[in-house]
Amino acid sequence: MSVIESQGDASINEIARLMDLADTEDAVIERLEGCVARIKEVQAAKSSLQAFTRSELGEARELRRQRAEELAW
């Protein structure tokens, strides 16, 4: 194989790599949209939590802790 053929193979390999990368665009956009939706859910949850008293939040934290301990067993 000559140097020119080798360079041509390298170019073809690079083109194929770039095409493979470009083909992932739809999947990446879909994942990003999912992440944005999740961020909006998180922000809504945080906003909703502001309506509760410190006492209610403390009780909920304790319940979560207890559940976590039960799952650990």
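Bear in mind that the values in this text are calculations on the coordinates, not laboratory data. Given the structure is predicted, the values throughout are model-derived calculations rather than measurements.
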On Cα atoms only, tilt of 3-22 relative to the major axis of the chain in degrees: 30 degrees
Calculate how steeply helix 54-72 sits against the longest principal axis of the alpha-carbon atoms of the chain, using the helix alpha-carbon long axis, and give the answer as 0 to 90 degrees to the nearest 10. 60 degrees
Find how much the distance from Glu70 to Ala44 grows on full extension, using 0.36 nm per residue of separation minus their present alpha carbon separation; answer in nm with one decimal. 6.5 nm
When the Kirkwood radius is taken over all Cα pairs of the stretch 3-72, what Stokes-Einstein diffusion coefficient follows at 4 °C and 1.567 mPa s, in µm²/s? 76 µm²/s
Step through the residues of the stretch 23-32 one at a time and calculate ³J(HN,Hα) from phi using the Karplus curve (6.51 cos²θ - 1.76 cosθ + 1.60, θ = phi - 60°), rounding each to whole Hz and writing x for Gly and Pro. 5, 8, 4, 4, 5, 5, 4, 4, 5, 5
